[in-house]
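> Sharing a structure, written as structure tokens. Questions coming.
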Amino acid sequence: MTLKPPLYWSLMSQKKKTIWLIAGLLAIMMLGFSLNIFRQPMEQSYGFIKATHPVSMTQAGPDKWAYYFLPIGTKDAIAKDARAELISEGFVEDKSNKWFSFRKGNVEVDVCNHTEFGLSNTGLVAMDSPPTTEQPYACVLVKNGLGTHSPQLAFEAQKLVHGW
């Protein structure tokens with residue numbers, strides 16, 4: 001018994017068959033590429049950041065920022081751990097803000113409460129927000145440092161797939 005191709009296949013011209021085969025191969029290649037993006041692990045950030053991935057990543061001018069939410073610990077406790085790790089890596093603490101800021105060249109690590117900052121296209125800016133009834137939680141923002149080098153497209157795809 002021989003299998004016959006479906007009727008529509010035998011009625012197609014050779015040119016259309018070739019186009020459909022190429023389109024199918026391209027679709028398979030794109031699927032493989034997409035799956036490869038989703039499987040890539042996020043770049044690990046600093047040791048004191050106990051989150052497995054950033055909540056958000058954004059571009060502010062030439063700089064790339066990663067925002068980490070840390071549900072456990074206060075801003076002061078996290079800053080103490082950050083200070084111990086970052087100072088030993090050559091960072092310098094900048095005490096001019098109401099949050100904890102560490103700088104080394106173009107790399108910046110800020111430990112603050114989520115109500116204390118805003119991000120503009122020039123960088124991190126202090127927010128003078130009125131007192132809220134919302135519980136302040138600690139967060140860490142990293143500019144151009146560990147955890148910011150993943151491609152934006154890969155981060156957005158993983159965020160969508162994993163529901164971050």
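> Can you give me the long-range amide H partners of residue 114? Hydrogens built in the peptide plane at 1.01 Å from N, cutoff under 5 Å, separation of 5 or more residues or another chain.
The answer is 137, 139.
> Same structure again: Average projected area of the Cα convex hull of the stretch 65-106, in nm²? Before the final figure, lay out each step's value.
Details: hull surface 13.8 nm².
Computing the convex hull of the Cα atoms and averaging its projections yields 3.5 nm².
> I'd like the Karplus ³J(HN,Hα) series for the stretch 47-63: coefficients 6.51, -1.76, 1.60, θ = phi - 60°, whole numbers in Hz, and an x wherever there's a Gly or Pro.
With coefficients 6.51, -1.76 and 1.60, one gets x, 6, 8, 8, 8, 7, 7, x, 6, 8, 9, 8, 9, 10, x, x, 9 Hz.
> Additional query: What is the gain in length, in nm to one decimal, between residue 92 and residue 137 on full extension, counting 0.36 nm per residue of separation less the C-alpha to C-alpha distance?
Roughly 13.8 nm would be gained on extension.
> Using r as the Cβ-Cβ distance of residue 161 and residue 103, and R0 as 45 Å, what FRET efficiency do you calculate, to the nearest 0.05? Write down the numbers at each step before the final one.
On the way: r = 34 Å, r/R0 = 0.76.
Efficiency, rounded to the nearest 0.05: 0.85.
> Run the simple label-point estimate for residue 115 and residue 50 please: 7 Å along Cα→C-beta, distance reported in nm.
2.3 nm
> Taking amide H positions as placed in the peptide plane 1.01 Å from N, state which residues far from residue 150 in sequence (5 or more) or on other chains have amide H under 5 Å from it.
Close amide H contacts, sequence-distant or interchain: 43.
> Assuming R0 = 35 Å, what is the FRET efficiency of residue 25 and residue 149, from their Cβ-Cβ distance, to the nearest 0.05? Could the numbers behind the result be given before it?
Numbers: r = 32 Å, r/R0 = 0.92.
Result of the calculation: an efficiency of 0.60.
No value in this document is a laboratory result; all are computed from the given coordinates. It should be emphasised that the depicted structure is a prediction, and the values quoted were computed from it without experimental measurement. Here the Cβ is made from the backbone with ideal geometry for all residues, glycine too, and neighbour counts use every protein chain on show.
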